[in-house]
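Inspection log for the structure reproduced underneath, given as structure tokens.
The values are calculated or read from the model by the stated rules, or taken from the named source; none is laboratory data. Since the model is a prediction, treat every value here as computed from it, not as a measurement. All Cβ positions, glycine included, derive from the backbone under ideal geometry; neighbour counts span all protein chains shown. Each accessible area value is taken on the protein alone, full model and side chains, heavy atoms only, with ligands, DNA and RNA left out. Shrake-Rupley method; radii C 1.70, N 1.55, O 1.52, S 1.80 Å.
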Amino acid sequence: MLLSGDLADHATDEEYEQVRDLLAPLGAPLYVLPGNHDDRCALHSHFGVPGRDGEPVQYSVDLGPLRLVVLDTTRPGEDPGALDRDRLGWLDSELAAAPGAPTLIAMHHPPLLTGMAPWDDLGLPDADRRDLGEVVERHPQVRRLVAGHFHRTITGELAGRGVLTVPSTYVQARLEFTLQKIELTADLPGFAVHTVVDGELVTHIEPVH
Ligand SMILES: [Fe+2]
């Protein structure tokens with residue numbers, strides 16, 4: 001189970017314990033990454049991810065037919081995202097280490113523009129998005145980039161690869177291109193199911209009624 005960030009609202013120990021309690025009955029391995037509402041050190045202590053001293057939480061996992069590479073797009077203390085030279089350098093070498101493994105890159109801030117200014121102001125800066133695209137361009141095994149943060153299912157493209165943002169498991173973003181500020185709605189929450197069919201990554205979006 002991949003949790004693409006903002007597991008908590010205020011990054012308290014109680015919130016993360018609640019997340020663990022809610023997910024425990026599923027019995028699935030958890031792959032978590034930080035969002036703007038999370039705290040790297042708390043994710044480290046509650047979920048055992050890298051990032052002991054508040055360093056970026058980045059790691060990769062071999063899931064059999066798919067390799068998951070987790071990227072940290074957070075800028076601690078702020079809501080918009082960022083990717084710096086160190087994080088992208090790590091991604092480049094991590095991808096170079098397994099060129100034959102179909103790969104899904106997961107992060108919190110999506111590397112696409114929504115066309116809704118208040119959301120795009122909270123996304124990844126243009127330059128960081130372009131730099132990420134240059135890294136992905138060099139690694140044909142990257143099948144898709146998946147992210148959270150925008151509370152809505154959106155697809156786009158980066159370096160010829162698909163970009164997908166998944167719905168929130170909480171409230172959803174209202175689609176309105178002339179928004180002055182973010183608006184959330186009570187539309188159905190949902191999640192994505194990724195599967196590999198005939199060697200290709202296929203993703204279903206499943207609403208929760
Ligand atoms: Fe977020």
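Give me the pairs: first residue in segment 123-139 and free of Cβ contacts under 8 Å to residues at least 12 places away in the same chain, second residue of a type outside the set (F, W, Y) and open to solvent by 70 Å² or more (accessible area, probe 1.4 Å), beta-carbon distance under 9 Å, and six or more apart or on different chains, which are they? Once the first residue is free of Cβ contacts under 8 Å to residues at least 12 places away in the same chain and sits in segment 123-139, its partners that are of a type outside the set (F, W, Y) and open to solvent by 70 Å² or more (accessible area, probe 1.4 Å) give D126/L113. Among the residues of segment 169-199, write down those that are in contact with a strand residue (DSSP E or B) (Cβ under 8 Å, 6 or more places away or on another chain) and assigned to a loop (DSSP other than H, G, I, E, B). Those that are in contact with a strand residue (DSSP E or B) (Cβ under 8 Å, 6 or more places away or on another chain) and assigned to a loop (DSSP other than H, G, I, E, B): T169, V171, R174, I182, E183, A186, D187, L188, P189.
Within segment 143-151, one or more residues are basic (K, R), touching a residue at least 40 places away in the same chain (Cβ under 8 Å) and either within 16 Å of the ligand (Cβ to nearest atom) or surrounded by 19 or more Cβ atoms within 10 Å (Cβ to Cβ) (or both).
Is it true that E157 is within 14 Å of the ligand (Cβ to nearest atom), among the acidic types (D, E) and either open to solvent by 70 Å² or more (accessible area, probe 1.4 Å) or farther than 29 Å from G64 by Cβ (or both)? It would help to see each step written out before you state the result.
On the way: within 14 Å of the ligand (Cβ to nearest atom): no; among the acidic types (D, E): yes; either open to solvent by 70 Å² or more (accessible area, probe 1.4 Å) or farther than 29 Å from G64 by Cβ (or both): yes.
No, not satisfied.
Can you name the residue in segment 12-37 that is surrounded by 19 or more Cβ atoms within 10 Å (Cβ to Cβ) and free of Cβ contacts under 8 Å to residues at least 60 places away in the same chain and, of all such residues, is farthest from H108 (Cα to Cα)?
Y16
Scanning segment 33-55 for residues that are away from the ligand (no atom under 16 Å from the Cβ) and either small (G, A, S) or within 12 Å of T74 (Cα to Cα) (or both) yields S45, G48, G51, G54, E55.
Being assigned to a helix (DSSP H, G or I), at pLDDT 95 or above and either surrounded by 14 or more Cβ atoms within 10 Å (Cβ to Cβ) or within 16 Å of the ligand (Cβ to nearest atom) (or both) holds for only one residue in V136, V69, and it is V136. Filtered by the rule that a residue be open to solvent by less than 50 Å² (accessible area, probe 1.4 Å), of a type outside the set (A, V, I, L, M) and assigned to a helix (DSSP H, G or I), segment 115-130 gives P118, W119, D120, D128, R129. For segment 139-167, filtered to residues that are among the β-branched types (V, I, T) and not in a strand (DSSP E or B), the residue that is nearest to V196 (Cα to Cα) is V166.
Hey, among the residues in segment 72-96 that are open to solvent by less than 30 Å² (accessible area, probe 1.4 Å) and aliphatic (A, V, I, L, M), which one's farthest from the ligand (Cβ to nearest atom)? So, considering only residues that are open to solvent by less than 30 Å² (accessible area, probe 1.4 Å) and aliphatic (A, V, I, L, M), the one farthest from the ligand (Cβ to nearest atom) is L95.
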